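As structure tokens, the structure follows; a few thoughts come after it.
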DNA sequence: GTGCTGGGTGTAAACGTTTACACTTTGCTG
DNA sequence: CAGCAAAGTGTAAACGTTTACACCCAGCAC
């Protein structure tokens, strides 16, 4: 039992006194008599036999694996998506292979190719930066779904958060609390840009002038942005492109003696797990990662999408980082 | 190019006007003339051919994949380990498959079995709860390494953080700052228990009586623990079993008007990414996840371990959640 | 007793690669 | 010019499964 050098179905067949076909049927639930089934089971257990998925996949053309490409294993949001994917895959006896795409530029293509060469049954590409032609050339007509990407020239269904709606909800919440001079700390990736555009649109529609502070999408980006924010002292609120930026901002503001929310209201985006434990608990826009994961998995398994491009709705979660601006409600556009 | 129904090496051979063996050699860098290499390359590109890893692995007996089993995709620490594993695998042209083990009890065995059936070249089991016999029966003599597990009756090398040393460092830091009445919020898993034992040992060795508050290892566990802590008002400091607990504790203390560190010093464990941005920045014991990942990967690839069981050293990172206790240094054991 | 049905089983051909071996060609040595 | 090495290529046998097909045999109707 210890020397598991190369234990095949043939060994099982031999010790059970049947043919390989019968063993295969026993393993996969084909037509078989209870008596032989038992005999095969015994042999399997006695030998400690483990099936070879490679050989199996080669002949069946199915591997039971869905490939998932995430930009970064470290993101809690991606982890939540992974969990959602798992939610639908495991009950089906399927699994997923997780790969990191954006290690350094070129990795995404390589990672995707690797998954395809592994004959995955489907591909979930999260936050893909690949161009539409690259994508189609690579993936061909295999089942794939693009998460965190708007519908584009690819034949694959896309699934994305409605960033515009999220930004709008955040800003409306701010407006309702009497804020008019709201700055935005912008992010870098697709989502970041979408949020920024939405911010600008909503501000303009309200007759206000947008103020955008560029930043990467990390905590240190948030702390850096605090300095830039000092150049815009009239601001009574900040809409952050995500929670990590908000966290960094919190930190820097504290250092500058600016109180949240009394001196400056802050809204985040994503609703990461630690947000509710901050001081003050962060008001933010919840991105339903797990649900998106579930949806993506169902889509890749062939569930018909209602439209080419599904968009899921974010939800504002109000906590304590927003209050009325100090000078009361100026009720005047900037 | 669009219909990628079943493009094999044979098709490439055909359009390049050579044999399959030659194509294979061209693909894998065997002896081949530059002229034919070019022809094959052209054909590959023209057809959009992608190799079939299944068939390849079947004959070579190697897949270039390392299987990784983590308790929970959501843990940032595991993500860091994954990154470390990636650090060593990618340069070698290898990849890893990530699976979640502890979804609900039984999953770990299934996940491990699944990886083995996929013919992974090695197995990295993080925080495995399986018993030694279960493990050996399942894994047999395939290369495997156990992370976050002390050496036990299995034939596989283990790799674990020296929790005792971490706890000791945390407590010594507290002692140096004049604390004597230090409570501990305990965690649940292997690591949690190890830290608790170390805490108790160090306290006793210092002639102090340990005070342990049971808790799960989450934020809400930390907030709950705050209430229990009220029954032990003499405590001047708390050593938390991990950062998440510390975060929850921070939150609850704030609600009770207890200031950190003036009224109560707090030390965490793990050094999660948000720790330095808290108010006050959290003093904690850094667990070098990425390095552990790297090490685990090297071990599983066959690098000889110095001993059966490697233990990596944590590092105290001092920030601002510890100061001298209010009443000055009592200099007296409890 | 003949013929049929149908459940259970075995035989053998795939699946798409790699690779040992044999073969051809070329260039060189003696 | 014979002989040989070396380089490049093709042939075919693996690898460990699944599955179409053929087969056997018991049970049963006629």
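Checking residue B:32 against (1) modelled with pLDDT under 95; (2) under 42 Å from the mean Cα position of the chain (by Cα): exactly one of these is not met. Which one?
(2)
Determine whether residue A:91 is more than 11 Å from DNA strand D (Cβ to nearest atom), surrounded by fewer than 17 Cβ atoms within 10 Å (Cβ to Cβ), assigned by TED's automatic domain parsing to the domain that holds residue A:130 and within 24 Å of residue B:69 (Cα to Cα).
So residue A:91 passes the test.
With the structure loaded, tell me whether residue B:310 is under 30 Å from residue B:123 (Cβ atoms), part of a strand (DSSP E or B) and away from every other protein chain (no Cβ under 13 Å) or whether it fails that test.
yes
Read through the list (1) within 8 Å of another protein chain (Cβ to nearest Cβ); (2) within 12 Å of DNA strand C (Cβ to nearest atom), then give the number of the only condition that residue B:113 fails.
(2)
Here are the criteria: (1) within 7 Å of DNA strand D (Cβ to nearest atom); (2) surrounded by fewer than 13 Cβ atoms within 10 Å (Cβ to Cβ); (3) in a helix (DSSP H, G or I). Tell me which single one residue A:6 does not satisfy.
Exception for residue A:6: condition (3).
How many residues does segment B:199-221 hold that are more than 14 Å from every other protein chain (Cβ to nearest Cβ), assigned to a helix (DSSP H, G or I) and surrounded by fewer than 17 Cβ atoms within 10 Å (Cβ to Cβ)?
Adding up the residues that qualify gives 3.
Give segment B:58-95 a look and list any residue that's in contact (Cβ under 8 Å) with a residue 60 or more places away in the chain, within 28 Å of residue B:218 (Cα to Cα) and in contact with a helix residue (DSSP H, G or I) (Cβ under 6 Å, 6 or more places away or on another chain), or say none.
The answer is B:77, B:80, B:81, B:83, B:84, B:85.
Could you identify the single residue in A:152, A:191 that is touching a helix residue (DSSP H, G or I) at 6+ places or on another chain (Cβ under 8 Å), in a helix (DSSP H, G or I) and modelled with pLDDT under 95?
A:191
Look through B:119, B:168, B:129 and report the one residue that is surrounded by fewer than 23 Cβ atoms within 10 Å (Cβ to Cβ) and part of a helix (DSSP H, G or I).
B:168
Looking at B:259, B:189, B:244, B:193, which is the one that is without any contact (Cβ under 8 Å) to a residue 12 or more places away in the chain and under 20 Å from residue B:127 (Cα atoms)?
When all the criteria are applied, what remains is B:193.
Test residue A:9 against the criterion of being more than 12 Å from DNA strand C (Cβ to nearest atom) and either in the same structural domain as residue A:125 (by TED's automatic domain parsing) or closer than 27 Å to residue A:120 by Cα (or both), and give yes or no.
Taking the combined requirement at face value, the residue does not satisfy it.
For residue A:41, are the conditions met, namely being modelled with pLDDT of 95 or more and surrounded by fewer than 17 Cβ atoms within 10 Å (Cβ to Cβ)?
So residue A:41 passes the test.
May I ask you to list pairs of residues, at least six apart or on different chains, whose Cβ atoms are under 6 Å apart, with the first in segment B:29-42 being in the same structural domain as residue B:16 (by TED's automatic domain parsing) and the second being in a helix (DSSP H, G or I) and surrounded by 10 or more Cβ atoms within 10 Å (Cβ to Cβ)?
B:32/B:25; B:32/B:26; B:37/B:26; B:39/B:16; B:40/B:16; B:40/B:23; B:40/B:26
Does segment A:101-109 contain any residue that is facing chain B (nearest Cβ under 9 Å) and either in contact (Cβ under 8 Å) with a residue 60 or more places away in the chain or surrounded by fewer than 23 Cβ atoms within 10 Å (Cβ to Cβ) (or both)?
For segment A:101-109, residues facing chain B (nearest Cβ under 9 Å) and either in contact (Cβ under 8 Å) with a residue 60 or more places away in the chain or surrounded by fewer than 23 Cβ atoms within 10 Å (Cβ to Cβ) (or both): present.
For (1) under 21 Å from residue B:148 (Cβ atoms); (2) not in a loop (DSSP other than H, G, I, E, B), each residue gets a yes or a no:
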position	(1), (2)
B:223	no, yes
B:228	no, yes
B:245	yes, yes
B:261	no, no
B:285	yes, yes
B:293	yes, yes
B:297	yes, yes
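Considering only residues that are near DNA strand D (Cβ under 7 Å from one of its atoms) and buried (at least 16 other Cβ atoms within 10 Å of the Cβ), look in segment B:14-36 and name the one that is farthest from residue A:139 (Cα to Cα).
B:32
Find the helices (runs of 4 or more DSSP H) located wholly in segment B:21-110 whose residues include 1 or more that are more than 16 Å from DNA strand C (Cβ to nearest atom), and list them.
Hits in segment B:21-110: B:34-47, B:76-89.
Within the group B:48, B:61, which residue is on the phi > 0 side of the Ramachandran plot, away from DNA strand D (no atom under 16 Å from the Cβ) and at the interface with chain A (Cβ under 9 Å from one of its Cβ atoms)?
B:48
The values are calculated or read from the model by the stated rules, or taken from the named source; none is laboratory data. Source: prediction; values computed, not measured. All Cβ positions, even for glycine, are placed from backbone atoms using ideal geometry, and neighbour counts span all protein chains on display.
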